[in-house]
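The values are calculated or read from the model by the stated rules, or taken from the named source; none is laboratory data. Because the structure is predicted, anything quoted here is derived from the model rather than measured. Positions of Cβ are generated from backbone atoms using ideal geometry, with glycine treated the same way; all protein chains shown enter the neighbour counts.
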Amino acid sequence: KGVINVTQSFFIFAFVVILVALYTNDVHAGKIVTEGLVSFWSLDRDTISGEKVKDLIGNNHGTISGKPKEVAGKIKEALKFDGASDFIDCGKDASLDLPSAFTYEVWMNPSSAGEGGPKNAGPICKAINGGSWSWQLRYNAPGNNFMGFQFNAGGSVWITVEQKLSPNEWYHIIGTYDGKTAKCYLNGVKKSETKMNNVNSGQDNFFIGQDGWVNVFDGIIDEVRVYKRALDENEIQQNYKATSQLSVDSMNKLTGSWGWIKLEK
């Protein structure tokens, strides 16, 4: 009888250990990378109030110009920009001034193949009025419908996805810099890299939906994130696969009472 009890206890203990291990592994594998996360604009319905857009991590809350429309996003809701007057100004706080190490991340769904001219803008940038700029993520630049980061780093430096993008499809775009090398990723896969000096540090604004000049984005934007370090390829894959939610408080790493972070299904 004692042997049976010991055996039962062992199997119960083993079962609990397995469940805990599976749960812990699933949570660890699923959550987005949070180390170095500076700002996160999910563009979901519950983060937008009138003309204000919440930054779920920092204090870089955005102000809407124009009338971007709420639509189904890659994750929950997103905003559709009209390619004419819609954009979000997230200001120029020092936390967004990252000359020597960064990761810029966005999901985008272009409405057109990119005709150039006023629709030459990608979904995010840090630039203003053409006189001061740090970087831009541009669509159809220069002259072909592909995506590329353009950096002001002792001259204009490009990293691109090196392939044409189709309209009305979702793309996950990331640009990283570790102080030596800039890299561009499309849908979790590295597409190009180049050696680069530090990016110009200026008093330019962070925009969603325009390039700081006169060019605006035509399409849907979702899940904009900024890190103060270069994510590695495993971390980029992790973020690419992130599609569900977890409370910020339960992650025990971030502060804020109303935020939430996406996790992998």
Residue satisfying all of: in the range 184-220; touching a Lys or Arg at 6+ places or on another chain (Cβ under 8 Å) and of a type in the set (A, V, I, L, M, F, W, C); farthest from His172 (Cα to Cα) among these: Met196
Here the residues within the range 54-68 that are in contact with a Leu (Cβ under 7 Å, 6 or more places away or on another chain) and either over 8 Å from Phe87 (Cα atoms) or surrounded by fewer than 18 Cβ atoms within 10 Å (Cβ to Cβ) (or both) are Ile57, Asn60
Test Gln245 against the stated conditions and say whether it is among the polar types (S, T, N, Q) and modelled with pLDDT of 55 or more. no
Yes or no: Glu193 over 19 Å from Ala121 (Cβ atoms), modelled with pLDDT of 80 or more and of a type in the set (Asp, Glu)? yes
Condition broken by Leu79, with the remaining ones in (1) surrounded by fewer than 20 Cβ atoms within 10 Å (Cβ to Cβ); (2) not aromatic (Phe, Trp, Tyr); (3) not in a loop (DSSP other than H, G, I, E, B) satisfied: (1)
Tally, over the range 196-212, of residues that are in a strand (DSSP E or B) and at pLDDT below 95: 1
By residue number, the members of the range 213-230 that are surrounded by fewer than 24 Cβ atoms within 10 Å (Cβ to Cβ) and not in a strand (DSSP E or B) are Trp213, Val214, Asn215, Lys228, Arg229, Ala230
Name the pairs: first residue in the range 77-90 and outside the structural domain of Ser112 (by TED's automatic domain parsing), second residue surrounded by fewer than 18 Cβ atoms within 10 Å (Cβ to Cβ) and assigned to a strand (DSSP E or B), Cβ to Cβ under 7 Å, at least 6 apart or on different chains? none
Please specify each residue of the range 30-53 satisfying the condition of being part of a loop (DSSP other than H, G, I, E, B) and free of Cβ contacts under 8 Å to residues at least 40 places away in the same chain. Asp44, Gly50, Glu51
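Considering only residues that are of a type outside the set (Ser, Thr, Tyr), closer than 18 Å to Phe81 by Cβ and in contact with a Pro (Cβ under 9 Å, 6 or more places away or on another chain), look in the range 167-206 and name the one that is surrounded by the fewest Cβ atoms within 10 Å (Cβ to Cβ). Please lay out each step first, then the result.
Initially, the range 167-206 is screened for residues of a type outside the set (Ser, Thr, Tyr), giving 167-170, 172-175, 178-180, 182-184, 186-191, 193, 195-200, 202-206.
Among the residues that remain, those that are also closer than 18 Å to Phe81 by Cβ are: 167-170, 172-173, 205-206.
Checking which are in contact with a Pro (Cβ under 9 Å, 6 or more places away or on another chain) leaves us with 167-169, 173.
Details: Pro167: 13, Asn168: 11, Glu169: 9, Ile173: 24.
So, considering only residues that are of a type outside the set (Ser, Thr, Tyr), closer than 18 Å to Phe81 by Cβ and in contact with a Pro (Cβ under 9 Å, 6 or more places away or on another chain), the one surrounded by the fewest Cβ atoms within 10 Å (Cβ to Cβ) is Glu169.
Only one of Ile174, Ile159 is part of a strand (DSSP E or B), modelled with pLDDT under 95 and of a type in the set (Val, Ile, Thr). Can you tell me which? Don't jump to the end; show me each part of the working.
Details: Ile174 fails: modelled with pLDDT under 95.
Of Ile174, Ile159, the one residue that is part of a strand (DSSP E or B), modelled with pLDDT under 95 and of a type in the set (Val, Ile, Thr) is Ile159.
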Going through (1) modelled with pLDDT of 95 or more; (2) within 22 Å of Gly175 (Cβ to Cβ) one by one, Ala121 fails only at (1)
